[in-house]
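Here, each number is a calculation from the coordinates, and none is a lab measurement. Everything quoted here is computed from the prediction, not taken from an experiment. So basically every Cβ, Gly included, is an ideal-geometry build from the backbone, and we count neighbours across all protein chains shown.
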Amino acid sequence: PKISPSATIRFRPFATRLSHRCSPTLSNKPMDVKPIFPGKAAPFVIAGPCSAESREQVLEAARRLSLLPSVTAFRAGVWKPRTHPGGFEGHGGEALEWLRQAKAETGLPVATEVATASHVEACLRAGIDILWLGARTSGNPFAVQEIADALRGTDVAVLIKNPISPDLELWAGAIERIYGAGIRRIAAVHRGFSTFGGTSQYRNAPLWTIPLQLSVRYPELPVIHDPSHVGGRRDLIEPLVRQALDTGFSGLIIESHCHPDEALSDAAQQITPKRLGEILGNVIGRRRSQPTPHLEKLRAEIDAVDSELLDILARRMAISRNIGEYKRSESMSVLQATRFNDLIADRCKRGSNLGLSDKFLRTVFNAIHDESVATQLRVIDRSPE
Ligand code: PEP
Ligand code: MN
């Protein structure tokens, strides 16, 4: 992913190998994903208050947000899972009617959170367009399966937030359960992860590697970034939005309240529709959606260099096979550790003179060496395969 130099938050490179598509439910077939917003170009923006607090608050926010050209849908939580008892837990089913009215007045599709099968049924009856599974629900397979069963046979759009814990498999599993129920208008939401202690500026650590790994596993699945729950602070929304779009996310879900300081939940992270308009203008307004001729030219150069790299790798492995033949005829062992150590030291030194990082050089030459040893073993026929 390309990161703009202006992003104030640094991207951490992949810490682990990318995991490939490997799931008992989805096998190797591409996901058959249908658009959440047919005919709308990415990035789409779902905006609205954390909670539906009153009819007036919902309608005022929806009206003001509907005036922003980049806003695609309206959100508001009606059932609010709160960490501690005693907080504002939402107005429940009664507030669905406020969302329905917001949709009728503004034409924006409306979204809310569901945590149980009865929430799903109430939303379907009220004509809610988009349902999301919150971070406290998506980590519970029983709850997710109950919701999936309630969704079966419908065409409603469903977003699955990452679970609170930094666990790619739990997130992927929740997505597979919803997809397995036949939901095709589906997307993942990256809302950050809870990590114990630490002095991070974020409310929830973004751990960008995890959503990127999800995208590698399911390339067809749109991933939406939620800067509000990652940042937890108004001033972090713009840099997070910028980074999410630079990274290639398909959309955004952002909390916006007309009077953020008075919000009954998540006050510190909500921004006014006016501020949201400024951020979207700064970030999306100046973003080109089509590759430019210059970018096409640079990509063509990369393609040409990659062809050379492939030829060189194939030539290198052909030499390894010859070495294997020779070692077999001379009864020599394949692995010669001192030769390998000398080789790595030499390549790292020469590579660093070319401006390549030591970590990168070691990764590449270790991988090449592993394959070279495997090739020689196959030739010598000492391979276990
Ligand atoms: C929300 O979107 O308001 C919400 C409760 O989110 P999460 O489940 O990500 O905490
Ligand atoms: Mn919230």
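When the alpha carbon coordinates of segment 249-385 are projected onto the principal axes, the ranges are 81, 40, 34 Å, largest first.
With kT/(6 pi eta Rh) evaluated at 20 °C and eta = 1.002 mPa s, and Rh the Kirkwood radius from Cα pairs, segment 44-171 diffuses with a coefficient of 144 µm²/s according to Stokes-Einstein. Using the charge dipole of segment 234-286 (Lys, Arg: +1 at Cβ; Asp, Glu: -1 at Cβ; taken about the Cα centre), state which of His257, Gly285, Thr247 has its Cα farthest towards the positive end. Positive-end residue among those listed: Gly285.
For Lys161, what is the net charge nearby, where nearby means another residue's Cβ is under 11 Å from its Cβ and Lys, Arg count +1, Asp, Glu -1? Before the final figure, lay out each step's value.
Working: positive: Arg136, Arg191; negative: Glu113, Asp226.
Residues near Lys161 contribute 0 overall.
For segment 275-385, what is the charge dipole size about the Cα centre, in debye to the nearest 20, if Lys and Arg each add +1 at the Cβ and Asp and Glu each add -1 at the Cβ?
On the way: 19 positive and 16 negative charges, 77 e Å.
The calculation lands at about 380 debye.
Take every DSSP beta bridge with both residues inside the chain and express the antiparallel ones as a percent of the total, to the nearest 5.
Antiparallel bridges make up about 5 percent of those DSSP assigns within the chain.
When Rg and the Kirkwood radius Rh are both evaluated on Cα atoms of segment 179-323, their ratio Rg/Rh stands at 1.14.
Put simply, the amide H of Ile253, placed in the peptide plane, has neighbours under 5 Å in Ile46, His225, Asp226, leaving out anything fewer than 5 places away on its chain. The residue list Ser118, Val223, Leu354 was ranked by how far each Cα lies along the charge dipole of the chain toward its positive end, using unit charges on Cβ atoms, and Leu354 comes out on top.
Work out the length of the dipole vector of the chain about its Cα centre, built from +1 on the beta-carbon of each Lys and Arg and -1 on the beta-carbon of each Asp and Glu, and round it to the nearest 20 debye.
On the way: 49 positive and 42 negative charges, 163 e Å.
My answer is approximately 780 debye.
Calculated translational diffusion coefficient of the chain (20 °C, 1.002 mPa s; Stokes-Einstein with Kirkwood radius over alpha-carbon pairs) equals 91 µm²/s. Volume of the convex hull of segment 108-235 (Cα atoms only), normalised per residue: 109 Å³.
Suppose a student asked you for the relative contact order of the chain, using Cα pairs under 8 Å spaced at least 6 residues apart; what percent would you report? Don't skip to the end; give the middle numbers.
Working: 596 pairs, mean separation 58.5, N = 385.
Relative contact order, the chain: 15 percent.
Straight distance only, please: which lysines reach the Cα of Lys161 with their own Cα at less than 16 Å, same-chain residues fewer than 8 apart left out? The reachable lysines, counting only those whose Cα sits under 16 Å from Lys161, are Lys80. Measuring from centroid to centroid over Cα atoms, what is the spacing of segment 313-385 and segment 122-196 in Å? The two parts, judged by their Cα centres, are 46 Å apart. For the chain, the longest principal axis of the alpha carbon atoms and the long axis of helix 93-106 meet at an angle near 80°. Scalar couplings 3J(HN,Hα) for segment 319-328, obtained by applying the Karplus form with A = 6.51, B = -1.76, C = 1.60 to θ = phi - 60°, are 5, 4, 4, 4, 5, x, 4, 5, 4, 5 Hz; x denotes Gly and Pro.
As a test of understanding, state the convex hull volume per residue of segment 137-192 from its alpha carbons, in Å³. Don't jump to the answer; show the numbers that get you there.
Details: hull volume 3.5 nm³, N = 56.
Once divided by residue count, the hull of segment 137-192 is 62 Å³.
The orientation-averaged projection of the convex hull spanning the C-alpha atoms of segment 101-158 amounts to 3.9 square nanometres. Simple rule: put +1 on each Lys or Arg Cβ and -1 on each Asp or Glu Cβ in the chain, find the dipole, and look at Ala268, Pro30, Ile344; the Cα lying farthest toward the positive end is Ile344. Specify the angular offset, from 0 to 90 degrees and rounded to the nearest 10, of the alpha carbon long axis of helix 237-247 from the longest principal axis of the alpha carbons in the chain. In the chain, helix 237-247 runs at an angle near 40 degrees to the longest axis.
The simple spin-label model puts a point 7 Å past each Cα toward its Cβ; for Thr116 and Thr363 those points are separated by 4.6 nm.
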